[in-house]
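Here, each number is a calculation from the coordinates, and none is a lab measurement. Quick caveat, the model's predicted, so the values are computed rather than measured. In this analysis, Cβ positions are derived from the backbone assuming ideal geometry, glycine residues included, and neighbour counts consider all displayed protein chains.
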Amino acid sequence: MKTMDVSALALASRELLNRGDPVGAERVLSPVFSQLKLDPSVLHLMGLIKKEQNQLDAAEKHFRAAIAYSLSDGQFYNDLGVVLQARGAFEEAIKVFRAALALIPNASPVHVNLVQCMVARGDLSQAETEARAFISRFPGPEGWTLLSQVQRAMDRPQDALVSAAAALKIAPSMRGLKFNHAMALERVGRSK
């Protein structure tokens, strides 16, 4: 098959994945995967496909291979961290998220993933520290919501309410923030 045809199939596979069809994406990519398996973006794509199919071992393998060929792509590290976290490998996931942040420090999803991984691991104090650092770097509703979630996990409902209110103050028309604030109010006994 010609190189252009192979690349077109990889693009078609990515489009299917973006439309929520990982099985179709794999069907399109699999016949040409051996020709493209040295391309880190194709390895990453196959990792995303496997992750969407909940084949975490295979996803991890492909993400690690993509990183081996492209050590400087922070998104590859982030996606590997997500898989490691899903598998319960929290310590390694945190290291991988930190590597991603070193490469793409302004990627707020990586910051969120790091904090959520710390919460999943049960390191709530460190998660709070990271959430506050996130707010310092990106003073928006996402950081305050994240901090509210951490404080809720720490069983500090009053602090969680203050953080949820700060998020709502920044973006008062966001429906999700209104819901989070209402839930925080309920947790401190202010249901009405």
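Here are some notes:
- Spin-label pair Leu11/Ala165, simplified geometry with 7 Å Cα→Cβ offset, distance in nm: 5.3 nm
- Gain upon complete extension [Asp21, Met174; 0.36 nm per residue less C-alpha separation]: 52.1 nm
- Positive-end residue of Leu147, Gly189, Leu114, charge dipole of the chain with Cβ unit charges: Gly189
- Packing-based ranking of 88-94, 148-154 yields 148-154, 88-94, ordered from highest to lowest mean Cβ neighbour count within 10 Å.
- Inter-label distance, nm, simple model (7 Å from Cα along the C-beta direction), Asn106/Ala86: 2.9 nm
- Cα centre as origin, Lys/Arg/Asp/Glu Cβ charges: the chain dipole, Debye: 500 debye
- Rounded to the nearest 0.05, the FRET efficiency derived from the C-beta distance between Ser34 and Arg98 at R0 = 41 Å is 0.75.
- Nonlocal Lys pairs with alpha-carbon distance under 18 Å, region 31-184 (8 or more apart, or different chains): 7
- On the beta carbon distance between Ser70 and Arg132, with R0 = 35 Å, the FRET formula returns roughly 0.65.
- On the basis of the beta-carbon distance and an R0 of 30 Å, Ala120 and Lys61 show a calculated FRET efficiency of 0.85.
- Size of electric dipole in region 103-171: Cβ of Lys, Arg +1 and of Asp, Glu -1, about Cα centre, debye, nearest 20: 100 debye
- Contact order normalised by residue count of region 70-192, Cα under 8 Å, 6+ apart, percent: 15 percent
- Structure-derived Rg and Dmax of the Cα atoms in Å - corresponding label in (1) 19.3, 61; (2) 16.8, 51; (3) 19.7, 66: (3)
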